[in-house]
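These notes are about the structure you will find just below.
The values are calculated or read from the model by the stated rules, or taken from the named source; none is laboratory data. If you're wondering where the values come from, they're calculated on a predicted model, not measured in any experiment. We place every Cβ from the backbone using ideal geometry, glycine too, and count neighbours over all the protein chains shown. For the accessible areas, the whole protein counts, side chains as well, though only heavy atoms, and no ligand, DNA or RNA atoms are used. Shrake-Rupley method; radii C 1.70, N 1.55, O 1.52, S 1.80 Å.
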Amino acid sequence: MPRLVRHILESLEKEPSPRLIAISCAAILGLAAGDSILFFFTRRILIGASRDVEFEMREDLFAHLLRLPPRWHRKSRVGDVMSRAVNDLSAVRMMIGPGIMQAANTIVVGTIAVTLMALASPTLTLVALAILPFVAVATQVMGKVTHRRFTAIQEFFSEISASAQENISGVRLVRAFAREATEERRFDAKNREFRRRNLGLARLNALYFPMLQALVGVGFAGVLWVGGRKILAGELTVPRYVEFNLYLMELVWPAIALGWVVNLWQRGSASWNRMAELWAAEPLAVESAEGPLPGGPLEVKDLTFAYDSGPPVLRNISLTVEPGTTVALVGRTGSGKSTLLNLLLRLEEPPFGTIRLGGRDLRDTPLPLLRRALVAVPQETFLFSDTLGNNIAIGRPGATPAQVERAALEAGLGPDLATFPKGLETIVGERGITLSGGQKQRTALARALLTDAPYLVLDDAFSSVDTETEERILEAVKARSGTRTVFLVSHRLSTIQHADVVVVLEKGRVAGDGNARGASPGRRPLRGAGRATAPLRRSRGGVAVADHLPEDEAQGRGFDRGILRRLLSLAVPYRGYAGGALVVLFLESVAQLAGPLLTGAAIDLVFSSKESPRKGAPPSWGGSSSGSGSSLAAPALSTPSPASTSSRSSRRSGSCS
Amino acid sequence: MEPTEDSYQSPSRAETRRLVGRTVGYLRPHRPRFLGGVGLTGLGILLDVVKPIPLAIVLDVVLGGANLPRWLQPVLGGVGRDGILAFAALSIVLLTASRGAATVAATYLTIDTGQRMVNDLRTALYGHLQKLSLRFHNQQQTGDLLYRVMSDTYSAQGLVMNGLLPLASSAVMLAGMFAVMAGYDVELALVALVVCPPLYFAITRISGRIHQQASVSREAESALYARAESTIGAVKLVQAYGREDGAVAEFRSGSDRSLALSLKLYSTQTVFAFVVDSVLAVGTAALVWLGARHVLDGRLGIGELTIFLSYLKDLYGPIQSVSHNLAEISSSRAGLERVFKVLDIEPDVKDAPHARPLPPVTGHVRFENVHFAYDDGQPVLAGVDLEIRPGEHVALLGPTGAGKSTLASLLGRFYDPQAGRVTIDGHDLRDVTVLSLRQQVTVMLQEQILFHTTIRENIAFGSPRSDEEVRRAAERAEADTFIERLPDGYDTVIGEDGSTLSGGQRQRLALARALLRSAPIVILDEPTSALDLDTEERVWAHVGDLLAGKTAIVIAHRLSSARRADRIVLLDGGRILEQGSHDELLARRGTYSRLWESFGDGKGNLEPELLAAVSG
Ligand SMILES: Nc1ncnc2c1ncn2[C@@H]1O[C@H](COP(=O)(O)OP(=O)(O)OP(=O)(O)O)[C@@H](O)[C@H]1O
Ligand SMILES: Nc1ncnc2c1ncn2[C@@H]1O[C@H](COP(=O)(O)OP(=O)(O)OP(=O)(O)O)[C@@H](O)[C@H]1O
Ligand SMILES: [Mg+2]
Ligand SMILES: [Mg+2]
């Protein structure tokens, strides 16, 4: 390339000046345009790819979260999880998009410029590079502190969003208890703390970048001092010195961008660690959805279960349910009814060998099949802000409107639908807040009824429904159920009357069971049966202690190679892009370096042709000033590299995440 | 509500001005800092202006052998070449160092200002959300509001730091440098400005498009966020129905749409940056061409031209930085608009101008011909007349969807009736301040809302009650026994929405929370629906004591809860159907007596064998 430049210069030497000027202007325009176009493509490709990766990661993360066991979700807060999935992810994107782009740019420009510098003057190169160790140390320190502080900031942000999320979703309670002012004060206090932490990091960055600039300044001064003396001593020609200075100029932004990259990288990796905590949780295995639906009798044998490391909630439960029976599960609040049902649904994992469905261990039954066979109305009602119809159709996405309507009618929603102007198309507010308590419950019931599953689990599904309506619904359900096996949890006799079998749970044990309708106080002394069951305390040996959260393991883990590998694996689909981007980047850097050189040389020639031709020392006025011209004009004429613009804005917005 | 691409109108200039004005309003309290930041930025620019001089001196004086500029004569008059060289090197270090110091302070101050603005805006929005009525909240998604509070408020900082500040400093530079440049060569200085008209044209033409795309893209992100938030909140349901794949597919399609929008935005942005870069390059080229001619004509010194060119870089820099960040700036602006949109909504339940605090009441409640409908217009209450004397306990019964909870929320003034009025001790609720009203009316809501924190804090819920009082409330709600059995007792942290408790346990916590407040009027909406009859019996024994002397409304489906009340009110079809005591209503042989017969064994005995079985 230098040869090309010299060639151009030589030919230019013979031309008259005005044409020279025109040519050099054209060169400026051409180079700027080339640079712009290349810049355009680099940005498009890299930013585009990093967005792609971000969205891909987010989708993967979402899918992962939905597959984490309920055990995990009970410990987490939605606001916190969301903050990681959005806020931390965007820091990671900054790391892989602009971060990588800047790093590549820095490396390419840096390598080329240093090589050229070394060719121009090895001594001056050494002088210029003497600041490197200081830069390295400063960067190292800043990186470490940034990492630590940024982690703390993100954690605090999570905390704020989680509490804001709870406040907003619990707005009714806040109103009812007139707690608005307290909530606002608390929020403000948290925000102040958040700002304080943010500023801590901002201070650090605000110190770092100018320090880097000052170091670069020292480098320049050193070069000026040594170079100037050399020129005076006749050891260096002015053109060489100018050429050298020119390259050194090109190194300024990469050096500063390097700090920016480190900053981005540290933030990204701190955020990545927080996301990795989510990834580290073990999801439920994806099992095949092929095969016949499980059916047949349901046997529970000596089931003992405890949540996490707590005391057993269920002890030595044994019962057999024949297909087609309706089983009522009753017992005092907290006796373990919902827990038993959750185990049947495998929302909690029962210990191996304790529950069998149709002769097959429940743990060996593929989950998708199990979930199609067993459908539940959980005790707490979940509704989405969507139409009533869509909320019902969740369990069976392909259902026709007629089927949805039939399920709604079966669930006793008929009279209510009649009062809704839009019927099934009515949008229910978030969590169904525009419905009455009983309407919510019946919507959840309709959802279960739509699925036609052979096993139906109703966990206190009528608690907000009046007894008359409940009666009507249960009659309708029974009339259509045929061989359906139904589990009913209730505290009402009116419900239990519909059962063939009543199982009474007491403090986690089966206290007695019998036919509800036939049972009368005289005939079946349930109280006695309760007392008669096996000894109260048993060793904890058989208790399935749920494995500890993998989250804990992730916490202590640093930014290791596993994470890097994972990041790289995400980038694999964009290999082509990345390669292309690198090539473009290289071209861009070349253009960036050639621009000032050409202009400088052109100006140089214009004036040296006017005055005496420059030859060695002592330097002529023309030569030297052309040097100053080109070296100063250099940054002006090349489009500022992405580093310059983005690092500038990054310093301004500093800790803005 | 959500702007689509077709319907979205790019904002008029007046709106832009209003938005900027409003943002600046948030800047006002922090003016000293901000101005300090701007001043220091200006100083930095000044130092930038001086920075090339030492090098120029070296080249011209030390190497070129020219004379020292006049202003340096007194300082460096007798110094030799070596000395001047040393002086130049030293001043480079000093200049860069002080430039650095100015940057430190300026950056810090501006970030500080930005953070303070975000803080103010966020707290303002959050506070406003606390004031907006439930009517508003009913239509919102938590996720969307959360996105506004947590993400959109950042835009204040973004807009100031990436937009206003560079533009302002660019304007300052423009003025300053124009003056300097005009001093050298007026013609050249004017040429440097020729880029302005095409720039203005480009900005007005393209930035409207960018802004529109940024708004749509932000809305899409927010919608996606809200969707994800509610799905993750209901993950148990999703898993119970095996709907994971479906939910992921839905998320994916929303995400793809958002990605497409964001990529579109960024390509428009790059095109825009390209146009601006080209205009600036043309400007530079024109200047070089003209400048060189002037040098050849001898009207301009070569050193002066180089200074010109280096200023040009500083001048165009901020413009370039804005144009390269325009997508982010527009997106910030869209975010701010979303924040202001909510801030602009007037709370529809708010204190009347003449509202006075409600004096301590005896609890005389009257509903007078109350008519009420929610937004869809279907009447829920159609002429309810009900008087509750101080200290009276009323049970509200009725089929599901009859309007019981609605009636209760009118008394807490969550909504205002469309016709008729609600009074306490003769005060129309609309004439008293909301805060003073709610301090005297306790509403236990039908849905239990619990937070991811300790049991104690869930019960106390921000009120400064002693541990002893909390415990007593829990005892009254029959919650004490199970709380004591938890690993950390009252300090046990429960899952979000109480997910680590049983249904009945959650309900009792909510009840304890209501019982902790000592208001003269208490409304309990289905307080014991998830309890077994035995526990319910005991809860009522305590609660009955506690409510003695207070006015109470208890909503229940279970007649076992209802029959204890002084009066039973049967609500159906938005009107009161029957009312009277348990015995009176039984004697009347109306709806209530029919209900009573289908309940229990029909003879007034309640689930005898069940009671027996579970009380062992
Ligand atoms: N996720 C959990 N982690 C720890 N303990 C739990 C969890 N879920 C429930 N428990 C405890 O297990 C016991 C049984 O709870 P379960 O929900 O099965 O009761 P239940 O019989 O359904 O009661 P209710 O009638 O009130 O719904 C309770 O003491 C409860 O506190
Ligand atoms: N926020 C709301 N927006 C619109 N409609 C509502 C809203 N809340 C309730 N409704 C409607 O008003 C009617 C009465 O609801 P309300 O909650 O008062 O019933 P309820 O008597 O408490 O019933 P339940 O016993 O089922 O709780 C219902 O038809 C319901 O759909
Ligand atoms: Mg339960
Ligand atoms: Mg209700």
Problem - Hey, A:ALA444 open to solvent by less than 20 Å² (accessible area, probe 1.4 Å), part of a helix (DSSP H, G or I) and within 16 Å of ligand 1 (Cβ to nearest atom) or not - result: yes
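Listed here are the residues, each with its yes/no results for (1) open to solvent by less than 10 Å² (accessible area, probe 1.4 Å); (2) touching a Phe, Trp or Tyr at 6+ places or on another chain (Cβ under 9 Å).
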residue	(1), (2)
A:VAL226	no, no
A:GLU243	no, no
A:TYR247	yes, no
A:GLU250	no, no
A:ILE256	yes, yes
A:GLN266	no, yes
A:ASN273	no, yes
Handout entry: Scan of segment B:88-135 for residues that are under 20 Å from B:ARG333 (Cβ atoms), at the interface with chain A (Cβ under 8 Å from one of its Cβ atoms) and among the hydroxyl-bearing types (Ser, Thr, Tyr), ordered by number
Key = B:THR110
Completion exercise
Within segment A:57-77, of all residues that are more than 9 Å from chain B (Cβ to nearest Cβ) and under 13 Å from the mean Cα position of the chain (by Cα), the one most open to solvent (accessible area, probe 1.4 Å) is A:ASP60
Completion exercise
Those residues of segment A:388-405 which are open to solvent by less than 20 Å² (accessible area, probe 1.4 Å) and away from every other protein chain (no Cβ under 13 Å) amount to A:GLY389, A:VAL404
Exercise for the section: From the list B:GLY504, B:GLY573, pick out the single residue that is over 26 Å from A:GLU183 (Cβ atoms), open to solvent by 40 Å² or more (accessible area, probe 1.4 Å) and not hydrophobic (A, V, I, L, M, F, W, C). Expected result: B:GLY573
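Table: residues versus (1) at pLDDT 75 or above; (2) within 13 Å of chain A (Cβ to nearest Cβ); (3) closer than 30 Å to A:VAL238 by Cβ; (4) not in a helix (DSSP H, G or I).
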{"site": "B:MET1", "(1), (2), (3), (4)": "no, yes, no, yes"}
{"site": "B:GLN9", "(1), (2), (3), (4)": "no, no, no, yes"}
{"site": "B:VAL20", "(1), (2), (3), (4)": "no, no, no, no"}
{"site": "B:LEU27", "(1), (2), (3), (4)": "yes, no, no, no"}
{"site": "B:ARG31", "(1), (2), (3), (4)": "yes, no, no, no"}
{"site": "B:GLY39", "(1), (2), (3), (4)": "yes, no, no, no"}
{"site": "B:ILE53", "(1), (2), (3), (4)": "no, yes, yes, no"}
{"site": "B:ILE57", "(1), (2), (3), (4)": "no, yes, yes, no"}
{"site": "B:VAL62", "(1), (2), (3), (4)": "no, yes, yes, no"}
Problem - Boolean, B:PRO399 is of a type outside the set (Asp, Glu), touching a His at 6+ places or on another chain (Cβ under 7 Å) and either within 16 Å of ligand 2 (Cβ to nearest atom) or within 12 Å of chain A (Cβ to nearest Cβ) (or both) - result: no
Practice task
From A:THR451, A:THR381, A:THR426, grab the single residue that is within 13 Å of chain B (Cβ to nearest Cβ), among the β-branched types (Val, Ile, Thr) and within 16 Å of ligand 4 (Cβ to nearest atom).
Solution key: A:THR381
Problem - Matching helices (runs of 4 or more DSSP H) fully within segment B:377-478 where at least 1 residues are open to solvent by 10 Å² or more (accessible area, probe 1.4 Å), farther than 28 Å from B:ARG567 by Cβ and away from ligand 4 (no atom under 16 Å from the Cβ) - result: B:434-440, B:455-460, B:467-476
Completion exercise
Residue pairs within 7 Å by beta carbon, gap of at least six or interchain, first lying in segment B:26-43 and within 20 Å of B:ASN119 (Cβ to Cβ), second among the β-branched types (Val, Ile, Thr) and open to solvent by 80 Å² or more (accessible area, probe 1.4 Å), listed first then second, are none
Exercise for the section: With respect to A:GLN213, determine if the residue is within 10 Å of chain B (Cβ to nearest Cβ), at negative phi, open to solvent by 10 Å² or more (accessible area, probe 1.4 Å) and in a helix (DSSP H, G or I). Expected result: yes
Practice task
Report yes if some residue within segment A:406-413 is without any contact (Cβ under 8 Å) to a residue 12 or more places away in the chain and within 12 Å of chain B (Cβ to nearest Cβ); otherwise report no.
Solution key: no
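Considering only segment A:455-490, how many residues are away from ligand 2 (no atom under 16 Å from the Cβ) and within 13 Å of another protein chain (Cβ to nearest Cβ)?
Of the residues in segment A:455-490, 9 are away from ligand 2 (no atom under 16 Å from the Cβ) and within 13 Å of another protein chain (Cβ to nearest Cβ).
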Exercise for the section: Within segment B:226-243, work out how many residues are open to solvent by 20 Å² or more (accessible area, probe 1.4 Å) and assigned to a helix (DSSP H, G or I). Expected result: 4
Completion exercise
Screening B:ASP467, B:ASP428 for residues that are out of contact with any strand residue (DSSP E or B) (no Cβ under 9 Å at 6 or more places or on another chain) and free of Cβ contacts under 8 Å to residues at least 24 places away in the same chain leaves only B:ASP467
Practice task
Return yes when B:LEU146 is modelled with pLDDT of 85 or more, over 22 Å from A:TYR208 (Cβ atoms) and open to solvent by less than 20 Å² (accessible area, probe 1.4 Å) and no when it is not.
Solution key: yes
Handout entry: Total residues in segment A:329-358, condition of a type in the set (Val, Ile, Thr), under 14 Å from A:VAL510 (Cβ atoms) and near ligand 3 (Cβ under 9 Å from one of its atoms)
Key = 1
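Every residue, every condition in (1) closer than 20 Å to B:TYR241 by Cβ; (2) within 16 Å of ligand 1 (Cβ to nearest atom); (3) of a type outside the set (Ser, Thr, Tyr), yes or no:
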residue: A:VAL330; (1), (2), (3): no, yes, yes
residue: A:ASN342; (1), (2), (3): yes, yes, yes
residue: A:ASP364; (1), (2), (3): no, no, yes
residue: A:LEU374; (1), (2), (3): yes, no, yes
residue: A:PHE384; (1), (2), (3): yes, no, yes
residue: A:GLY395; (1), (2), (3): yes, no, yes
residue: A:ALA411; (1), (2), (3): yes, no, yes
residue: A:GLY429; (1), (2), (3): no, no, yes
residue: A:LEU435; (1), (2), (3): yes, no, yes
Practice task
Test each condition in (1) within 9 Å of another protein chain (Cβ to nearest Cβ); (2) touching a Gly at 6+ places or on another chain (Cβ under 9 Å) for B:PHE414 and report the one that comes out false.
Solution key: (2)
Exercise for the section: Scan (1) within 16 Å of ligand 1 (Cβ to nearest atom); (2) surrounded by fewer than 24 Cβ atoms within 10 Å (Cβ to Cβ); (3) within 39 Å of the chain's Cα centre (by Cα) for the single condition B:ALA519 breaks and write down its number. Expected result: (1)
Exercise for the section: Give the residue, chosen from B:VAL370, B:VAL322, B:VAL275, B:VAL271, that is hydrophobic (A, V, I, L, M, F, W, C), at pLDDT 80 or above and either part of a loop (DSSP other than H, G, I, E, B) or open to solvent by less than 30 Å² (accessible area, probe 1.4 Å) (or both). Expected result: B:VAL370
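Within segment A:445-460, identify whether any single residue is of a type outside the set (A, V, I, L, M, F, W, C), closer than 24 Å to A:LEU293 by Cα and free of Cβ contacts under 8 Å to residues at least 60 places away in the same chain, and answer yes or no.
yes
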Exercise for the section: Output yes when any residue across segment A:124-144 is of a type in the set (A, V, I, L, M) and under 30 Å from B:LEU445 (Cα atoms), and no when none is. Expected result: no
